[in-house]
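Enquirer: The structure under discussion is supplied below as structure tokens; questions concerning it will follow.
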Amino acid sequence: MGWLRYPNGMSFGRNPHVARAEAAEQKAEAAADDAARVLAHREAAREWDRASAREAQAKKKREYEENAVRQRALADGDPIVDGSTDAPVDPRLMN
């Protein structure tokens, strides 16, 4: 079933929170300062949570939940998620 929009604003076929979450992620990438970036990542996490709550398929629901966790980690500055090298590395783990 494709996307269908009725005059009263109801729609079928798409989860509107997915598009909002993706837009918030793009806003976070383009943020000019850290405060704006953190707020955008947190907004994306909230939208991914909402998308997950509306999703019926278990696979997509799990994917949306993982996206929410990732966005919260990015907002918190988790070095493992955001790819920064500020975290100390155990030399025994390197080859």
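Derivation of every value follows stated rules applied to the coordinates shown; laboratory data play no part. Predicted model, so just to flag it, every value in this text is computed and none were measured. Every residue, glycine as well, gets a Cβ built from its backbone with ideal geometry; the counts of neighbours run over all protein chains shown.
Enquirer: For region 46-57, what does the Karplus curve 6.51 cos²θ - 1.76 cosθ + 1.60, with θ = phi - 60°, yield as ³J(HN,Hα) per residue in whole Hz, taken in order and with x for Gly and Pro?
Expert: Once rounded to whole Hz, the list reads 4, 5, 5, 4, 5, 4, 5, 5, 8, 7, 8, 7.
Enquirer: Need one number: nm distance between label points at Ala23 and Ala35, each 7 Å from Cα along Cα→Cβ, rounded to one decimal.
Expert: The modelled label-to-label distance comes out at 2.4 nm.
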